[in-house]
Amino acid sequence: MKIQWDTPRFAVLRDRELCVNCRICEQQCAFGVHKKDEKTGKMRANAALCVDCQRCVACCPIGALQIRPAENTFRPHAGWTQDARQEIYRQAATGGVLLSSMGSSQKEVPCYWDKLLLNASQVTNPPIDPLREPMETEVYLGRRPDKVRRGPDGKLDTALPPHLELKTPILFAAMSYGAISYNVHAALSRAAQALGTYYNTGEGGLHRDLYPYGANTIVQVASGRFGVHREYLMAGAAIEIKIGQGAKPGIGGHLTGAKIVGDVARTRMVPEGMDAISPAPHHDIYSIEDLRQLVASLKEATGYTKPVIVKVAAVHNIAAIASGIARSGADAIAIDGFRGGTGAAPARIRDNVGIPIELALAAVDERLRQEQIRRRISVIASGSIRNSADVVKAIALGADAVSIGTAALCALGCHLCASCHTGLCNWGIATQRPDLAARLDPDEGAQRLVNLVNAWTREIREMMGGMGINSIEALCGNRLALRGIGLTQKELDILGVKHAGE
Ligand code: SF4
Ligand code: SF4
């Protein structure tokens, strides 16, 4: 007798009255949930295989399907939740590390964006109407000169250090080719170009086809150095040294050999079928002095034409780390928070290591201001930016700009099924299987990304106008624009905001 220890988490509900047995759900589900019973001619579902990606629901032409949380529940226990027990069954069966993907959904770790409220002008400082008056959402990322001189014609007479110019304070976060499909990278690069912003290669190198989008590309150098060569460094508008990632601070990356195929292998410069494992540390960085050397080497290798960003995970002593990075010669620091997404991470690390971006960001901005080095370096925040209000709150807490990863993937169809590590993404995003990857049209995807960022930028202008602010730079670190709700005094102190009503 076979015992099913790991009981299904989802129920696949099919309306038998509506279903015409067209088999579209069977074709669309790479997890093999739906099968036609040849004897009865009816569709059947194996719910144990379902990950709740909602692809079949979205593709069923007559709306005959629903996926719901399974109703079967274990005997309730306050500490030993059903998830806790099911994880033990899985590990007892396999002996393996629990893998997952996307960002942590730990309910106990607060999402501070939802506990912060924005200000609006009333009477004494009137709001600005963004439809009738100019609103500046352009952002410069990089070291700011100590003094700026202008010539007699009023034009800038000071050579600016290499920097990035964004039309909106939103970048696309680092996601590597290999973890996501070629079509996603193609969509991101086209959207970045159309929007006047940047996408980030992640640690998998840059596909040859996408070199023409280099002016809107940040090329990443991670500990594995996959796909890194001089032409690659020269191709991007900026270089990012990846030290850490919010979803898995302290460990490296792992792309399974199954995903290292064809152009992914060629772009990464690793043999086909071989696991691409990037080490936890950069083996040439054990101190800020070492980091300084790598920053200097990358600048020298690219003729001092590219700004260098250092990306770190939000961890306990992030303010001191950021202070060191600001002194390393880097032009920007990218901080990725606890809820940041990933294509694959050990679930224990994703759900237990690091701190929320909101607290990290506020602490970093405050420390850099106290040390009077804030102008030396720009701050990019990421890790669960879900909408335009989160962007505005992040900037008010001290970010110059934000990166969006999960939100961008949602615009392309992601339903957060947290199964990217399986390589079977039914939406054609986190997969290298040609039939699945072909489901995402890069032109349509680029348009959806452009629509999303344009919509957010419009909303950002409206929120800025409501606060009486007409330049996004005037919002940066402006915590008077924020009030906390339901937070402890300690949390308010770290965030540097007053409680609502004060
Ligand atoms: S895995 Fe996705 S496509 Fe397959 S049955 Fe579940 S919801 Fe439908
Ligand atoms: S990218 Fe695909 S596999 Fe990953 S969470 Fe989104 S829908 Fe699921």
Per-residue ellipticity at 222 nm attributable to helices in the chain (runs of n ≥ 4 DSSP H, -39500 (n - 2.57) apiece, nearest 500 deg cm²/dmol) works out to -8500 deg cm²/dmol
Sites removed, the longest contiguous part of the chain containing no DSSP-loop trypsin sites (Lys or Arg not before Pro) with at most 15 other Cβ within 10 Å is 168-385
Apply the Karplus curve 6.51 cos²θ - 1.76 cosθ + 1.60, θ = phi - 60°, to the phi angles in region 156-163 and return the couplings in whole Hz, x for Gly and Pro.
4, 10, 10, 6, 7, x, x, 8
Counting only residues 5 or more places away or on other chains, whose amide H sits under 5 Å from the amide H of residue 334 once H atoms are built in the peptide plane?
310, 311, 312, 380
Selection of GluC sites (Glu not before Pro), region 64-158, meeting DSSP coil and at most 11 other Cβ within 10 Å:
71, 108
Solvent-accessible area per residue for the chain at a 1.4 Å probe radius, Å²?
46 Å²
Set 107/306; 155/306; 35/107; 167/311; 167/242; 242/490, cut-off 29 Å on Cα-Cα distance; pairs above it are 107/306; 35/107; 242/490
Report residue 421's accessible area, 1.4 Å probe, all protein chains in place, as a number in Å² to the nearest 10.
60 Å²
Taking placed amide H atoms and a strict 5 Å upper bound, the residues 5 or more places from residue 280 or on another chain that come that close are 252
Take the alpha-carbon centre of region 303-326, take the same for region 12-44, and report the distance between them in whole Å.
51 Å
Accessible-area value, residue 231, 1.4 Å probe, nucleic acids and ligands omitted, Å²:
100 Å²
Once the whole set of protein chains is in place, how much accessible area is left on residue 274, using a 1.4 Å probe, in Å² to the nearest 10?
90 Å²
For region 8-117 the chymotrypsin sites (Phe, Trp or Tyr not before Pro) that pass both the DSSP coil test and the at-most-13 other-Cβ-within-10 Å test are 74, 80
Under 1.5 on a/c is rounded, so check that first for the chain, then, if it is not, pick prolate when a/b is larger than b/c and oblate when it is not; a ≥ b ≥ c are the square roots of the alpha carbon gyration tensor eigenvalues.
prolate
Report, to the nearest whole %, how much of the accessible area of the chain belongs to carbon and sulfur atoms, 1.4 Å probe, protein only.
53 percent
In the chain, whole DSSP H helices that both stretch 15 Å or further along their axis by alpha carbon positions and average at least -0.5 on the Kyte-Doolittle scale are 182-195, 288-301, 357-370
DSSP-assigned coil residues among GluC sites (Glu not before Pro) in region 361-457, each with at most 15 further Cβ atoms within 10 Å
371
How would 153, 129 line up by accessible area, probe 1.4 Å, largest first?
153, 129
What percent do you get for the relative contact order of the chain when only Cα pairs under 8 Å and 6+ apart count?
19 percent
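The values are calculated or read from the model by the stated rules, or taken from the named source; none is laboratory data. This is a predicted model, so every value here is computed, not measured. Here the Cβ is made from the backbone with ideal geometry for all residues, glycine too, and neighbour counts use every protein chain on show. Heads up: the accessible areas ignore ligands, DNA and RNA and are worked out on the full protein's heavy atoms, side chains in. Shrake-Rupley method; radii C 1.70, N 1.55, O 1.52, S 1.80 Å.
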